[in-house]
Amino acid sequence: MDGSIAKPFQARALLETLEHLFRHQAETQPAVPVAQHAGEPLDREEVIARVDGDVRLLTELVELFLNEYPMLLSEMLDAIVRGDRNTLERAAHTLYDSLSSFS
């Protein structure tokens, strides 16, 4: 865990935490994909099992996620700025559900 904020979220604290995490991520981005390192955050076998070994389906799911998540993050940040809790909650849950598909 690289950061946390307490509920109820304060927009400024959430934005500062996100900025810190993304800045830190950009500074520490490895030269090779993270999945190639030991102790990887993604269990490849479990992910492939979730699609019954259908790598083409997994590829499609990954492409859908990669197309969707930037819009969800933008929607979340906009909702924070506007103080729109319902939109923030919906977008965050959608992002969470999308990520859960990959274990």
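What follows is calculated from the coordinates using simple rules that are stated; it is not laboratory data. Keep in mind that what you see is a predicted model, and the values were worked out from it rather than measured. All Cβ positions, glycine included, derive from the backbone under ideal geometry; neighbour counts span all protein chains shown.
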Filter result (assigned to a loop (DSSP other than H, G, I, E, B) and loosely packed, with under 12 Cβ neighbours inside 10 Å) within the stretch 48-65: D52, G53
Residues of the stretch 70-87 that turn out to be without any contact (Cβ under 8 Å) to a residue 40 or more places away in the chain and either small (G, A, S) or surrounded by 11 or more Cβ atoms within 10 Å (Cβ to Cβ) (or both), as a count: 12
Counted residues, the stretch 66-103 - those being out of contact with any Asp or Glu (no Cβ under 7 Å at 6 or more places or on another chain), over 17 Å from L15 (Cβ atoms) and not in a helix (DSSP H, G or I): 2
